[in-house]
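The values are calculated or read from the model by the stated rules, or taken from the named source; none is laboratory data. The structure presented is a predicted model; accordingly, all values stated were derived computationally and were not measured. Because the Cβ atoms are built from the backbone with ideal geometry, glycine has one as well, and the counts that use them run over all protein chains shown.
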Amino acid sequence: MKRALLLIIVGGLYVLHQDFWFWRAARPLVFGFIPIGLFYHGCYTVATAIVMWLLVKHAWPSELEEGGGEERGGDGESGRGGDSSSRRPLAPSPALPVAPPPVAANREGTEK
C-alpha cells in the first residue's frame with residue numbers, strides 16, 4: 001500500500017470519528033436494543049483496529065525492530081535476530097529488600 005493511501009484512510013477515520021449526526025438520536029435501535037450511536041462507535045472501533053493493523057503491517061519502519069534488519073543477521077520478516085547466540089543475555093533481577101515482620105505488642109504496649 002502506498003503511504004498516501006494510508007494517510008487518506010487515517011484522515012477519513014478522523015473525520016468519521018466526529019459523528020455529530022447521531023448525537024441527539026437514540027433511535028433507530030439496531031437489533032432491537034442497541035442505540036444507533038453505540039452501534040456506530042462499535043463499527044468505528046472495528047474499522048480503526050483494522051486500519052491500525054494495516055499501518056503496522058505496511059508502514060512500520062523496519063529499523064525500529066530489534067534484530068529485524070538483514071544487516072544484523074535477522075530474517076527481516078519476523079523481527080527476530082539470527083541464531084540465539086547473537087542475542088544479548090538477560091541479567092537477573094536484583095533481590096528486593098524484605099522488611100522484617102512487625103513486632104507484636106501486648107495490652108500494656110510493651111513488646112513480647
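This table checks each residue for (1) among the basic types (K, R); (2) exposed (fewer than 14 other Cβ atoms within 10 Å of the Cβ); (3) in contact with a helix residue (DSSP H, G or I) (Cβ under 6 Å, 6 or more places away or on another chain); (4) modelled with pLDDT of 80 or more.
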position: R3; (1), (2), (3), (4): yes, yes, no, yes
position: I8; (1), (2), (3), (4): no, yes, no, yes
position: V46; (1), (2), (3), (4): no, yes, no, yes
position: I50; (1), (2), (3), (4): no, yes, no, yes
position: S86; (1), (2), (3), (4): no, yes, no, no
position: P89; (1), (2), (3), (4): no, yes, no, no
task: Determine whether R80 is basic (K, R), more than 26 Å from the chain's Cα centre (by Cα), at pLDDT below 70 and in a loop (DSSP other than H, G, I, E, B).
output: no
task: Look at A26 and say whether it is touching a Pro at 6+ places or on another chain (Cβ under 6 Å) and either surrounded by 10 or more Cβ atoms within 10 Å (Cβ to Cβ) or at pLDDT 80 or above (or both).
output: yes
field: Qualifying positions in the range 3-57 - touching a His at 6+ places or on another chain (Cβ under 9 Å) and part of a loop (DSSP other than H, G, I, E, B)
entry: D19
